[in-house]
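The values are calculated or read from the model by the stated rules, or taken from the named source; none is laboratory data. Just so we're clear, the structure is a prediction, and the values are computed from it rather than from any experiment. Reconstructed Cβ throughout: ideal geometry from the backbone, glycine too, with neighbour counts over all protein chains shown.
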Amino acid sequence: MMSITFPFLYLFAAAALVPFFKGKWRAVITLSMIALSTLNIYFLPETLEWQWTFLQYELSPFKVDRLSLLFGYLFHIAAFIGVIFSLHVKSAVQQSASLVYAGSALGAVFAGDLLTLFIFWEFLAISSVFLIWARGTSRSFKAGIRYLLVQILSGILLLIGILFYWHQHNSLSFEYIGLEGIHGWLIFIAFGIKCAFPFFHNWLTDAYPEATPTGTVFLSAFTTKVAVYSLARAFPGTELLVYIGGVMACFPIFYAVIENDLRRVLAYSLVNQIGFMMVGIGIGTALALNGAVAHAFTDVIFKGLLFMSMGAVLHMTGRINGSELGGLYKSMPKTTILCIVGAASISAFPLFSGFISKSMIMTAALYENYNGIWLILLFASAGVFHHAGIKIPYFAFFAHDSGIRTTEPPKNMLLAMSIAAVLCVLLGVFPTLLYQHLPFNAEYTPYDVTHVLTQLQLLFFSALAFVWLNLKNLYPPELPSVNIEFDWFSRKALPKVAKKVVQLMLTLKYQLSVAYKKFSGALIKLNAANPSTYKITSGNTISTSMMVFWISVILAMFLILSFI
Amino acid sequence: MMSTSNKHFFDNPKNVQLLIRGLYVCCGILILLEFFISRYSKHPIEWIWGFYPLYGFVGCVILVLVAKWLRKLLMRDENYYGDKEEPETPHISKGEH
């Protein structure tokens, strides 16, 4: 048995080694580091805490329990699949950044204190932005800047929240916080920003689709799931989360239906899936929390699979807009099938992974009598099938033939997608594989006649609606377009107002200078006509002394007034 | 660039029809199963006969129609933010078949 070390160390070491190797050697080193890291996690006991006193702070940079352990396993699976998917990428920056990013996610979920969490929180932000910038377009550069600004805002709020927390509790340990006091709210909003709460979600739908084909696969796995983990640890049972989750599950699906960029459609469905997790955390019973965590687990894999399949399409055709794609099943049949497995999983078809996790949250909502929320989630489930389950494969691989002929993506991409697809089916068929690792004690069986029948009815009739709308020509076609969103305020309105203000100030300045010139011209004329006053108005020394004189008069007035 | 080969599965309209008919049959079976399977219900309106099929169908139609209406409100030109970019060069382009 090997000795245990910090979980992030192996991936950070791999990131440091990547620039010195190329091709096969780089692949061997990265994959063996991930294997070592997996072994390290595998041999961890179910509870463990390493403590360390830094100045007067009691820190525990490494703490293990069942909740963090499950996310630890998940992030290893995600890193492994992501690294295989990006083996063909030559850029060392991109490869290193994705390893630091995955390592930071591990560091964050095994952080036993808030300060360690904050450090990895910032590492996540900084390392991930390189995956966006690596696209190399000016558009991705700008989106990356906007992304970074929001991530740093989240970090600042977290840090201020932590300071208030420390002031209040004299402890930094990362456990239940709850919405009490200013520290609770600050930390809640900091987590919420990274979780893509409504109004704070634009960084995700804006930047994820601008990253490289491989970068988005990493991005979709880590940032939001670290935030989900943090909320599950610090704010379980916070009822507000139920309603936030309801909104998150619903509003993105409307955008997803009319969005043209297929990776942006997936970004919206990412927000929608996190909505389900938020509801689970908000309900806060053992079953609901297990559901939220299980859904995070399955989501990373099937959302990763969907982002990989769209990444493969972008990689091979250079296009990702639904309006420019179609008919690709003819030249990419394997990718098509793998994409459909992902689509079936996110739609929660029985025997696919989404079914075993989403139904836990829905059942928990019913047990706790959240009847309205349950109806909303059911609507969102039908909507997910509509936009992610049908729209994504349909517009990319079927629909009208775009005439694009290409080939299957590189073997490593196919391999990564196949691993994810196998996992989706395995988890769907053998739910205990996942259930036995869930952190809380709650009995649940996903497969019973009612569940299977009702879910199939919901899905098949959603598909029927899609077919009917298409046959009636009511389905909105994919159009090259941009749909304005909440970020309209920061991207359009704010710059406009700022421009107006600057313009106003410039005109004001101009008019003042004109007025001043007129006035001084008049004075000079006056002086020329009346030489005796000349010295007072233009002589440098005299005007200074005049200023001093008047200032002393004013000060004297002040002095007198203060005594009255 | 249009492909002239007619050998692909969905190039034949009959196969598309077949798929759609398959869907109709599945929907029919799932509705009929409600007569034979007594499913339990917990939610106050879940017990209604045909609740799930109706909710799925109507929900999706409303979703799409509302989204279409939203387009009128939200849709802007592709270059609205002044950052439209041309499609990237594909990694491997084999052109036509």
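Quick look at the numbers
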quantity: Any chance A:Trp166 is more than 30 Å from A:Phe80 (Cα to Cα), modelled with pLDDT of 95 or more and not acidic (Asp, Glu); calculated: no
quantity: Lone unmet requirement of (1) under 20 Å from A:Ala465 (Cβ atoms); (2) surrounded by fewer than 24 Cβ atoms within 10 Å (Cβ to Cβ); (3) modelled with pLDDT of 95 or more for A:Ile373; calculated: (1)
quantity: Output for the stretch A:60-95, where each listed residue is over 30 Å from A:Trp25 (Cα atoms) and in contact with a Leu (Cβ under 6 Å, 6 or more places away or on another chain); calculated: A:Val64
quantity: Selection from the stretch B:72-92 of residues that are out of contact with any Lys or Arg (no Cβ under 9 Å at 6 or more places or on another chain) and either at pLDDT 90 or above or not in a helix (DSSP H, G or I) (or both); calculated: B:Met75, B:Arg76, B:Asn79, B:Gly82, B:Glu86, B:Thr89, B:His91, B:Ile92
quantity: Number of positions in the stretch A:193-211 that are crowded, with 24+ Cβ neighbours inside 10 Å and touching a Phe, Trp or Tyr at 6+ places or on another chain (Cβ under 9 Å); calculated: 9
quantity: Residue check for A:Arg263: within 14 Å of chain B (Cβ to nearest Cβ), touching a residue at least 40 places away in the same chain (Cβ under 8 Å) and not in a helix (DSSP H, G or I); calculated: no
quantity: Selection from the stretch A:128-144 of residues that are aliphatic (A, V, I, L, M), in a helix (DSSP H, G or I) and farther than 24 Å from A:Leu186 by Cβ; calculated: A:Leu131, A:Ile132, A:Ala143
quantity: Conditions (1) modelled with pLDDT under 85; (2) loosely packed, with under 13 Cβ neighbours inside 10 Å: number failed by B:Gln17; calculated: (1)
quantity: Test result for A:Leu366, closer than 16 Å to A:Ala292 by Cα, modelled with pLDDT of 95 or more and either in contact with a helix residue (DSSP H, G or I) (Cβ under 8 Å, 6 or more places away or on another chain) or more than 10 Å from every other protein chain (Cβ to nearest Cβ) (or both); calculated: no
quantity: The stretch A:440-491: number of residues that are within 17 Å of A:Phe395 (Cβ to Cβ) and of a type in the set (A, V, I, L, M); calculated: 7
quantity: Residues that are over 15 Å from the mean Cα position of the chain (by Cα) and either part of a strand (DSSP E or B) or more than 17 Å from A:Leu377 (Cβ to Cβ) (or both), drawn from the stretch B:55-71; calculated: B:Val66, B:Trp69, B:Leu70, B:Arg71
quantity: Given (1) more than 20 Å from B:Val66 (Cα to Cα); (2) more than 9 Å from chain B (Cβ to nearest Cβ); (3) over 25 Å from the mean Cα position of the chain (by Cα), index of the condition A:Met417 fails; calculated: (3)
quantity: Residue in the stretch A:333-356 that is among the charged types (D, E, K, R) and farther than 22 Å from B:Val64 by Cβ present; calculated: yes
quantity: Qualifying residue in the stretch A:176-195 (condition: among the hydroxyl-bearing types (Ser, Thr, Tyr) and either in contact with a Ser or Thr (Cβ under 9 Å, 6 or more places away or on another chain) or not assigned by TED's automatic domain parsing to the domain that holds A:Ile145 (or both)); calculated: no
quantity: Residue under evaluation A:Ala111, criteria (1) assigned to a helix (DSSP H, G or I); (2) crowded, with 22+ Cβ neighbours inside 10 Å, criterion not met; calculated: (1)
quantity: Filtered residues of the stretch A:462-492 (kept if part of a helix (DSSP H, G or I), over 23 Å from A:Asp261 (Cβ atoms) and free of Cβ contacts under 8 Å to residues at least 40 places away in the same chain); calculated: A:Leu464, A:Val467, A:Trp468, A:Leu471
quantity: In the stretch A:32-47, residue surrounded by the fewest Cβ atoms within 10 Å (Cβ to Cβ) [restricted to those that are within 30 Å of the chain's Cα centre (by Cα) and at pLDDT below 85]; calculated: A:Glu46
